[in-house]
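Accompanying notes for the structure given below.
The values are calculated or read from the model by the stated rules, or taken from the named source; none is laboratory data. Source: prediction; values computed, not measured. Every residue, glycine among them, receives a Cβ derived from its backbone with ideal geometry; neighbour counts consider all protein chains shown. Only protein heavy atoms, including side chains, enter the accessible area calculation; ligands, DNA and RNA are left aside. Shrake-Rupley method; radii C 1.70, N 1.55, O 1.52, S 1.80 Å.
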Amino acid sequence: MQAGLARRYRSDTLFRWAGFGAVSFSALILVLLLVSMASSGWAGFQRSEIRMSVPIRGHIQIDPARLAQPDPLGGLEVAGLPALVKSAATQAFGPDGDALIADGAWREVGQKLIDDPSLLMSGELKVSLPASDDLANAQRGGGVPELRQRAARLAREGALVRAFDTGFLVRADATNPQSVGIWGALKGSMMTMFITLVLAFPVGVLSALYLEEYAGRNRWTDIIEISINNLAAVPSIIFGLLGLAVFLAAFPNYRSAPLIGGMTLALMTMPVIVISGRNAIKAVPPSIRDAALAMGASPVQVVFHHVLPLALPGILTGTIIGMARALGETAPLLMIGMRAFVASPPSDFTSPATVLPVQIFLWSDEIDRGFIERTSAAIVVLLIFLLVMNGIAIYLRNRFEKRW
């Protein structure tokens with residue numbers, strides 16, 4: 001007997017240490033992942049900038065009131081701001097100085113003037129403009145030796161710096177890594193997830209309630225249950241093909257719109273919500289139903305006043321899992337055309353848009369090292385978005401648990 005007890009204690013100790021080791025290993029892998037993403041992504045939140053002065057007063061002939069009207073950048077372009085910025089770069093850095101700044105850098109100067117029209121009366125405007133791709137690559141150690149030497153000299157003089165790019169969070173996609181931003185893809189993800197949640201959650205919850213509380217046990221309900229379980233295991237690209245064949249056929253003008261993307265992802269998320277909802281409803285003790293009926297509640301009141309509030313935390317857990325899976329999906333959205341180059345954030349649910357996973361996929365396919373850094377930064381933004389979304393859902397789940 002003593003030998004048997006000793007073996008049981010040893011087995012218990014080994015099991016506890018095995019569990020502790022598994023949890024520690026998982027936590028270590030998670031920490032390594034977060035540290036790796038943060039260290040790689042920090043460079044993506046920075047960009048190479050040229051610090052210079054642009055003469056404004058007497059060189060830009062435009063009415064300040066014009067800057068408050070539609071298309072103020074167009075008015076500044078007609079007034080000669082692009083040529084003025086290039087001329088200032090040439091005077092500051094030599095005959096080829098205009099090649100050291102990125103194409104479209106004048107737009108950032110124009111945006112400063114739009115935000116503060118009083119700058120039109122200033123003598124010189126000190127700005128930090130995005131460097132050209134070649135100069136940025138040279139600052140990172142690439143390119144030809146001559147340009148690397150020039151980049152090092154400009155850096156020593158303080159004219160070329162690596163600065164935190166606040167515009168990365170408010171701009172949309174662009175053709176060069178110095179001018180790209182993540183806001184267009186982030187807004188597209190938010191709008192797509194909103195459509196997904198609005199469609200999948202109520203339909204999934206009502207389906208689970210009907211199957212558990214009202215549907216009889218027969219061959220048809222068995223077929224429905226098997227179909228739902230199979231849909232939860234279907235590869236995501238199949239839902240993309242379904243969205244391509246059904247939704248785009250019905251709405252051909254809404255290709256790559258968040259509306260179509262949300263409808264496609266809702267099909268993929270709904271089975272997960274139905275399965276988790278049925279399990280949560282099934283876990284509610286029968287005594288709750290019997291007590292409510294005994295007090296005179298109708299069957300509908302029993303379901304919505306007693307069963308559903310008790311099952312809601314479990315339903316929200318399944319919703320979190322389904323939405324997290326949908327947020328990271330790329331294949332179904334590629335099938336419906338959400339891989340298009342979108343230079344401006346979507347204005348509504350039917351505007352062309354892309355999402356964070358697709359944007360990461362597109363940037364990672366570029367050969368420019370600058371896009372690789374931006375890819376790491378976009379991954380960090382995606383992880384933060386996922387944590388915030390899950391945090392809100394977990395808060396709501398816990399709040400309903402305390403309320404009951």
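Here is the P(r) of the stretch 36-174: all C-alpha pair distances, binned every 5 Å from 0, give 2, 10, 18, 21, 18, 15, 9, 5, 2, 0, 0 in whole percents. Where Rh is the Kirkwood radius over the Cα pairs of the stretch 256-404, the temperature 10 °C and the viscosity 1.306 mPa s, what D in µm²/s does Stokes-Einstein return? The estimated diffusion coefficient comes to 88 µm²/s.
Stokes-Einstein diffusion of the stretch 53-95 at 37 °C, 0.692 mPa s viscosity, Kirkwood radius from Cα pairs, rounded to a whole number: 294 µm²/s. Computed on the stretch 1-113, with alpha-carbon pairs under 8 angstrom and 6+ residues apart, the relative contact order is 19 percent. Computed over Cα pairs, the Kirkwood radius of the stretch 156-264 leads via Stokes-Einstein (0.890 mPa s, 25 °C) to a diffusion coefficient of 137 µm² per second. The fraction of Cα-Cα pairs per 10 angstrom bin, counted from 0 for the stretch 114-211, comes to 13, 24, 24, 16, 10, 8, 4, 0 percent, rounded to whole percents.
Fully extending the segment from R255 to D115 would add 47.0 nm, taking 0.36 nm per residue of separation and subtracting the current Cα-Cα distance.
Remark: the stretch 296-371 carries a charge dipole of roughly 200 debye about the Cα centre, counting +1 on each Lys and Arg Cβ and -1 on each Asp and Glu Cβ. Taken one residue at a time, the phi angles of the stretch 378-386 give Karplus couplings (6.51, -1.76, 1.60, θ = phi - 60°) of 5, 5, 4, 4, 4, 5, 5, 4, 5 Hz. Gly and Pro are set to x. Taking 18 Å as the straight-line reach from the Cα of K112, the aspartates and glutamates in range (excluding those fewer than 8 positions away in the same chain) are E49, D63, D71, E77, D103, E124, D165. Once backbone amide H atoms are built at 1.01 Å from N, I101 has S132 as its partners under 5 Å, excluding neighbours fewer than 5 places away on the same chain. Converting phi to 3J(HN,Hα) with the Karplus coefficients 6.51, -1.76 and 1.60 and the offset θ = phi - 60°, the stretch 216-222 yields x, 8, 8, 5, 5, 5, 5 Hz in sequence order, with x at every glycine or proline. Out of every Cα-Cα pair in the stretch 208-291, what percent are more than 23 Å apart? Of the Cα pairs, 40 percent sit more than 23 Å apart. Run through all the Cα pairs of the chain and give the fraction in each 20 Å bin from 0, expressed as whole percent. Histogram of Cα-Cα distances, whole percents per bin: 21, 40, 27, 11, 1, 0. In the context of the full set of protein chains, the chain has a per residue accessible area of 53 Å² (1.4 Å probe). Here the calculated FRET efficiency for R140 and I288, from their Cβ-Cβ distance with R0 = 60 Å, stands at 0.40, rounded to the nearest 0.05. With contributions of -39500 (n - 2.57) from each DSSP H run of at least four residues, the per-residue ellipticity at 222 nm computed over the chain stands at -20000 deg cm²/dmol.
Taking the charge dipole of the stretch 38-125 about its Cα centre, with +1 at Lys and Arg Cβ atoms and -1 at Asp and Glu Cβ atoms, the residue from P72, A43, I101 reaching farthest to the positive side is A43.
With R₀ set to 45 Å, the beta-carbon distance separating V246 from I367 gives a calculated FRET efficiency near 0.75. Per-residue 3J(HN,Hα) values for the stretch 225-241, derived from phi via the Karplus relation 6.51 cos²θ - 1.76 cosθ + 1.60 with θ = phi - 60°, read 4, 5, 5, 5, 4, 5, 5, 5, 9, 5, x, 5, 5, 5, 5, x, 5 Hz in sequence order (x marks Gly and Pro). Multiplying the residue separation of L34 and A215 by 0.36 nm and subtracting their alpha-carbon distance yields 60.5 nm.
Of L33, L242, L160, the residue with the greatest mean-square motion in the GNM of the chain, using alpha carbon springs below 10 Å, is L33. If you model the stretch 269-356 as an ellipsoid using its alpha carbon gyration tensor, with each semi-axis the square root of five times an eigenvalue, the axes come out at 41, 14, 9 Å, biggest first. Structure remark: mean-square fluctuation, Gaussian network model of the chain, C-alpha springs under 10 Å; the largest value among G184, G97, G58 belongs to G58.
Rounded to the nearest 20 debye, the dipole size of the stretch 35-112 about its Cα centre is 220 debye, using +1 on the Cβ of Lys and Arg and -1 on the Cβ of Asp and Glu. Only protein atoms count toward the accessible area here, which uses a 1.4 Å probe; on the chain, the carbon and sulfur part of that area reaches 64 percent. Net charge dipole, the chain: roughly 1440 debye, given to the nearest 20, about the Cα centre with Cβ charges of +1 for Lys and Arg and -1 for Asp and Glu. One Cα centroid belongs to the stretch 21-96, the other to the stretch 257-319; the line between them spans 48 Å.
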